[in-house]
Each structure stands twice: as C-alpha cells, then as structure tokens.
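What follows is one structure encoded as structure tokens, with my remarks underneath.
The values are calculated or read from the model by the stated rules, or taken from the named source; none is laboratory data. Predicted model, so just to flag it, every value in this text is computed and none were measured. Note: ideal-geometry Cβ built from the backbone for every residue, glycine included; neighbour counts use all protein chains shown. These area figures cover heavy atoms from the full protein model, side chains too; ligands, DNA and RNA do not enter into them. Shrake-Rupley method; radii C 1.70, N 1.55, O 1.52, S 1.80 Å.
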Amino acid sequence: MKIRSVVVILFLLVSALAFSPVCEAKNELKVGEMWNIRGVDPVKKGTLVKEKALITENLVEADPDFSLRPGLAKSWKQLSPTHWRFYLRKGVKFHDGSEMKAGDVKWAIERALKDPSIKSLTKIKEIKVIDDYTIDFITEGPYAAFPATLHYSKVSIVSPHSEMDKNGVITKPIGTGPFMLVKWDPATETLYLKGFKDYWQGKPKLDELIIKAIPDPASREVAVEKGEIDFTCDVPYGDVERLSREKGIKLEIHPTARVYQLTFGSLHGTPYEDVRVRKAISYAIDKKSIAQIVLHGCAEPAKGIILPSLWWANNNVSGYDYNPKKAKELLKEAGWVDTDNDGILEKNGKEFHVTIYTYPQRPGLKPMAETIQAFLKNVGIKAEVRVLDWSAIGKYMKKYDMKLSAYHLAMVPDPDYYLRKIYHSKGSTNTWGYNNPEMDKLLEKGLTTFDQQERKKIYDKVQELALKDLPLIHIAFYKVLVVYRDYVKGFKFNPVAHDYMLNPEIYVAK
C-alpha cells in the first residue's frame with residue numbers, strides 16, 4: 001500500500017513538472033546601456049524610453065533613409081502655413097488597456113511643451129482636438145520642419161494615467177510601444193520590461209527585456225564577453241579585431257547620423273576670433289587617419305558637415321584636407337610665431353595653450369582627443385586633454401578651450417534641427433558666439449520654404465557658408481559598433497537611432 005502511494009505521488013510530481021509553466025524558458029534579452037539610467041520620464045529621457053526600452057511611440061516615425069512615415073498618426077496634411085491636421089490610428093492601446101485618443105495625445109504633447117527647449121523646437125502655439133481621432137496643431141509661424149519635430153523622442157505619446165511623483169515627474173510611463181515597464185530600479189539603474197501582448201503591430205518576440213546602465217565602455221565589453229549581458233554597443237574600438245574572432249560574439253559596424261565635432265569656448269576675445277586660426281586647426285588634423293586608425297574604421301572622415309547619405313547633405317563641398325604646412329602658414333599670417341624656439345607659438349607675449357575637454361561614455365572620444373593633441377603640437381599649439389562627465393565640462397571649460405563631442409545630426413530628421421541650432425546667431429547650441437547675418441537669413445528662409453527642392457538649395461548654401469566661416473570643426477562621422485551574443489536573432493540596425501534602437505522582431509534563441 002505504501003509503495004503504491006509513493007509511486008502515485010512520484011507520477012504526479014513528474015507530470016506537474018513536465019507541464020508547469022515554471023519550466024518554460026523565457027525569451028529574455030539583457031542589454032548593457034551606455035548611459036546612466038536616472039529617470040524614465042519621456043520628456044527628460046526620451047531616447048531611453050522610446051528607442052531603447054520601446055515603451056512609447058511618436059505620431060511620426062522615420063525610415064532608415066530618414067524620410068518621414070506614419071507612426072501613431074496614420075496620416076497628416078497641411079491646412080495652411082501654420083496649421084497642420086493629424087489623423088490618429090484607431091484601436092491603438094496603451095499598456096493599461098485603454099485606447100489612445102486625441103485627448104491623450106494633446107495631454108502628452110502639451111506636457112512636453114512645458115520644457116522650453118521642446119517648445120522652441122516644435123514651435124507649437126496651440127493644439128485642438130477635432131474628434132477622438134483627429135488633432136490639429138497651430139505653429140507660431142510658417143514652419144516647414146514641423147511634421148519632423150513630432151518624431152523627436154521627447155514628444156513621444158504617454159498616457160495621462162502614467163505614475164508620477166509629487167513633482168509631476170513620470171516614474172512609470174504608460175505608452176503604446178511593444179514593451180511595458182514592470183519596474184525601474186534606481187539603485188542599480190536597471191529597467192525591467194515585458195512584452196505587450198496587445199501591441200497594435202503584433203506582440204513582440206521577446207517575453208522580457210532588461211536594460212542595465214554600464215557607462216564604462218570596457219565594462220560593457222567584459223559583461224558581453226562573460227554573458228552577463230546579451231547586447232550592447234560601443235565597446236573599446238581597439239578590441240574590434242580581437243572580438244571579431246571571439247567565439248559566440250557577433251559585431252556589426254553601422255553608419256549613423258552623428259558627427260565628431262571640435263568646438264571652441266568662444267569666437268570672441270580668443271585666438272579663434274581669426275578665421276585663419278580656425279582653418280589652420282582644421283588643416284592640422286588628419287581626419288582620415290583618425291577615422292581609419294585611431295577609431296579602427298568605426299568612423300568616416302568628414303569632408304562636409306552632414307553625413308553624405310542624408311538627403312540634405314551637400315556632397316559637393318571639399319572641406320579641409322590634412323595639410324600641416326598650410327596650417328603653419330595660416331597661423332603665421334594670423335600673428336602666431338615661435339619666438340623662443342620652444343616649439344610653442346606665441347602672440348603678444350602669450351603662448352597658444354589650450355585644454356581639450358571630452359567625456360568617457362563614447363570610446364572614441366579620448367583617443368581622438370589625444371591624437372588631436374599631437375596634431376596641434378605639430379603646428380605649435382600646446383594642448384592638454386581632460387576627460388570629465390558631460391555635465392561637468394561646462395563648469396571647467398574656459399573660452400580659450402575646446403570641446404570634442406559626438407553630436408547627433410538628425411534626432412529630428414530635417415536639416416533645420418542641426419543647422420539652425422549650430423549656425424544661427426541665436427541657435428541653442430551656438431555657445432561660441434558665431435554670428436553671420438547672411439547665415440541667419442538662409443536658415444530663416446529654410447524655415448518658411450515648403451518646397452523640398454528649394455529647401456535643398458537653401459541648405460546647400462548654408463553648408464557652403466558654414467565651411468567658409470568654419471565656426472566649428474567636423475572631424476569624422478560616427479559609426480555605431482554593435483556587439484551581441486550569437487544567440488540574439490532578428491536585430492536590425494536603424495540609423496535614425498540616437499545610439500541604437502531595438503526592434504520588436506529581436507529575440508533570443510539559446
């Protein structure tokens with residue numbers, strides 16, 4: 001009797017284990033994120049929430065060629081130079097099961113507009129709900145780039161029912177994307193997400209997605225090699241060749257709309273006030289060697305200022321090729337000479353001595369800065385390199401200094417996004433004080449010109465003038481190094497991404 005009971009119990013246990021869902025392998029992807037994760041509010045952390053965690057989506061999306069396509073809005077039309085009408089998709093659900101309607105869209109975008117930079121970017125004056133699936137936008141003036149601004153990740157659509165803290169900061173966004181947030185752990189800077197089964201484009205292939213902040217490039221490399229994470233990007237470039245031979249690891253190098261650029265503290269009251277000095281610095285830098293050798297092929301030397309594959313790039317410009325002899329001649333013309341034969345140029349008794357600031361998250365920046373340091377020394381400019389957190393650079397950088405950064409050209413897929421911010425006298429990132437009335441007129445004309453071919457002509461002239469005046473120096477166009485375990489399948493790189501953009505088709509096949 002006892003033996004029979006034991007047999008029955010064992011049979012039941014085996015059956016339970018065989019059919020228990022606990023034994024089912026979950027399709028889970030672990031991602032090593034290059035930036036700190038210190039928030040999940042789309043208005044503040046749009047790139048993370050929209051492109052990497054895939055929690056939220058935008059009314060307007062973009063194809064890999066940077067052309068606009070419908071997103072949460074199925075279509076739109078222009079009613080006047082300042083009036084746009086958008087038609088929303090029906091049946092799109094938020095993660096709480098409610099249907100997305102025009103009132104939700106109005107709430108989300110009006111909330112984003114409280115940020116002055118987003119208000120300035122979109123130029124939205126008023127939002128009107130016409131019906132549940134139709135919404136109108138009135139801009140402050142004629143604005144040809146307007147539809148493209150609704151692609152900006154910080155104006156992605158989030159539900160009014162999202163969880164917020166006492167200050168109104170969203171701590172658990174409820175979006176419409178393929179993944180929904182389960183938990184954000186601020187202590188470990190980790191996001192835990194799961195696939196949204198009612199996603200309007202079909203349930204994603206992953207059951208779970210974990211995104212953990214690993215800001216140090218070398219640490220990201222170690223983590224993916226050990227299998228602690230499955231997917232990451234931009235590990236140290238010097239290890240590309242070795243990693244390509246590593247069993248179980250896959251590498252992909254993709255061009256993206258980002259440029260390494262060298263900017264000056266100020267164009268006023270500094271050596272950089274003289275355009276000959278700026279041109280000399282550009283001639284002094286061997287951009288081809290930086291792209292091919294220093295960055296191990298993870299970049300393309302910049303002749304112009306816009307990635308050649310973008311439709312608004314002027315690919316007829318020639319830029320400044322490596323020519324240290326020309327650099328020395330221009331510096332001499334500008335009054336910089338080595339009077340005491342110590343290898344450093346002086347003018348009016350002051351040495352040409354600067355600091356190049358950069359930051360650690362992007363692995364190419366420090367070796368680039370050190371290489372530029374050597375190129376400048378070759379023409380008589382003494383430079384030091386300081387690597388600080390991005391947020392700290394502004395506290396230390398003086399007007400005589402330089403900053404090396406990797407700047408995105410198309411977070412809004414339109415020429416106005418980058419060119420007006422950089423080259424207009426009132427541009428939001430024109431902190432060095434460049435001011436050319438002819439440039440301002442061209443950029444303002446581009447805002448109010450709706451014919452695409454005419455706009456292209458305007459922005460071609462903008463790029464010609466920018467290279468003539470050279471208020472900043474473009475070194476190379478960025479390439480993203482994606483590294484993942486070979487059991488990760490279905491990943492498709494999208495060059496529109498800020499760094500990398502996950503896609504619902506990605507999955508793990510162990």
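Extending 7 Å from the Cα toward the beta-carbon at both LYS125 and ILE138 defines two label points whose distance is 0.7 nm. Its DSSP H runs of at least 4 residues, each contributing -39,500 (n - 2.57), put the calculated 222 nm mean residue ellipticity of the chain at -8000 deg cm²/dmol, to the nearest 500. Note on LYS101: aspartates and glutamates with a C-alpha under 15 Å away, same-chain residues under 8 apart excluded, are GLU57, GLU110, ASP131, ASP132, ASP136. Strictly greater than 19 Å: what percent of every Cα pair in the stretch 298-383 meets that? Here the tail beyond 19 Å accounts for 55 percent of pairs. Based on protein heavy atoms only, the chain ends up with 44 Å² per residue of surface accessible to a 1.4 Å probe. Place a point 7 Å from the Cα of LYS44 along the Cα-to-Cβ direction; which residues of the stretch 95-120 have their backbone N under 19 Å from it? Flagged as within label range: 108-119. Were the residues from ASP340 through SER391 laid out at 0.36 nm apart, the gain over their Cα-Cα distance would be 14.5 nm. Specify the angular offset, from 0 to 90 degrees and rounded to the nearest 10, of the alpha carbon long axis of helix 275-284 from the longest principal axis of the alpha carbons in the chain. Roughly 60 degrees between the two axes.
In the stretch 365-473, one over the average inverse separation of all distinct C-alpha pairs is 15.9 Å, which is the Kirkwood hydrodynamic radius. Over all orientations, the chain has a Cα convex hull whose mean projected area works out to 29.3 square nanometres.
Once the Cβ-Cβ distance between LYS114 and LYS226 is put in as r, and R0 is 41 Å, what FRET efficiency do you end up with, to the nearest 0.05? Efficiency, rounded to the nearest 0.05: 0.40.
In this calculation the C-beta distance from THR429 to LYS77 is compared with R0 = 45 Å, giving a FRET efficiency of 0.90. Multiplying the residue separation of LYS457 and SER309 by 0.36 nm and subtracting their alpha-carbon distance yields 51.6 nm. Among the listed pairs LYS44/LYS287; LYS44/LYS123; LYS279/LYS382; LYS426/LYS461, those with a Cα-Cα distance over 24 Å are LYS44/LYS287. List the pairs from LYS30/LYS395; LYS366/LYS398; LYS114/LYS166; LYS90/LYS479 whose alpha-carbon separation is above 26 Å, in the order I gave them. Cα-Cα > 26 Å for LYS30/LYS395; LYS90/LYS479; rest within. Applying 1/(1 + (r/R0)^6) with r as the Cβ-Cβ distance of VAL169 and GLU384 and R0 = 45 angstrom yields a FRET efficiency of 0.70.
The protection proxy used here, the mean number of other Cβ atoms lying within 10 Å of each residue, ranks peptides 142-155, 248-261, 423-436, 65-78 as follows, highest first: 142-155, 248-261, 423-436, 65-78. Just the protein heavy atoms count here, and of the accessible area of the chain at 1.4 Å, carbon and sulfur take up 52 percent.
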